[in-house]
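The values are calculated or read from the model by the stated rules, or taken from the named source; none is laboratory data. All of these numbers come straight from a predicted model, not from anything done at the bench. Here the Cβ positions follow ideal geometry from the backbone for every residue, glycine too, while neighbour counts run over all protein chains shown. Note: accessible area is taken over every heavy atom of the protein model, side chains too, but ligands, DNA and RNA are not part of it. Shrake-Rupley method; radii C 1.70, N 1.55, O 1.52, S 1.80 Å.
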Amino acid sequence: MAESHTNLEDAEQNLENAASETGQAVENTAEAAGNAVEDAAEATENAAENAAQATENAANEAGQAVENAAEETEQAAENAAKEAEQATEAAANEVEDMNIFDPAQMIRTRDITGGPVYTVDGENGVANFGAETYETVGDGWDRVGEIEDIILSKDGSLRGMILEIGGFLDIGDKHIFMPVENVQLVPVDDKTYSIAIGQSEEQLEEMEELDEGFWN
């Protein structure tokens, strides 16, 4: 009987141990399952955040690309407009160069030489016309001589004019040189010109006479 009682106690102890182990196993299994669910949830959350960040980055890159493309397009349009303007200007210059021999834009020396010389301001002594231009001979201008000749430099630029001042019928007259910056052409008609100067007749008479031998 004593042995049977001992066996029964052992069996109960074994059963209790088995139940305890089973409970622990169930608890461990439940905890592992909970941890797995939590890990899965965290992984899902991280994946969602990463996907959102990737989407935001892609959107930013796309927006920057669109902005860059717009700036490049604007710059290209500006460059094209500038090139077109330069081409138009170059074409206009070519047209102007082609018209350089347009008779309507040219003046022949024969249309100037022999023309009258008028003094328009005898007080200043030096012509200072500035931006003012004369379309015709003004009232009160004094005729003091005529244009004898036109002087050019060897490179073809206009240097000045030889004026015949005073005298009568080529008697008692004198020839003087007047720099081009001190004269202004004034049209008389469609083909001939006079010039306006700032010196008075008295001041012209005091100027050094041109040595005609130098030009012969």
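Is it true that residue 170 is within 21 Å of residue 189 (Cβ to Cβ) and either at pLDDT below 90 or open to solvent by less than 30 Å² (accessible area, probe 1.4 Å) (or both)? For residue 170, the condition - within 21 Å of residue 189 (Cβ to Cβ) and either at pLDDT below 90 or open to solvent by less than 30 Å² (accessible area, probe 1.4 Å) (or both) - is not met.
Among the residues of the range 125-136, some residue qualifies, meaning at least one is at pLDDT 80 or above and either open to solvent by less than 20 Å² (accessible area, probe 1.4 Å) or under 43 Å from the mean Cα position of the chain (by Cα) (or both).
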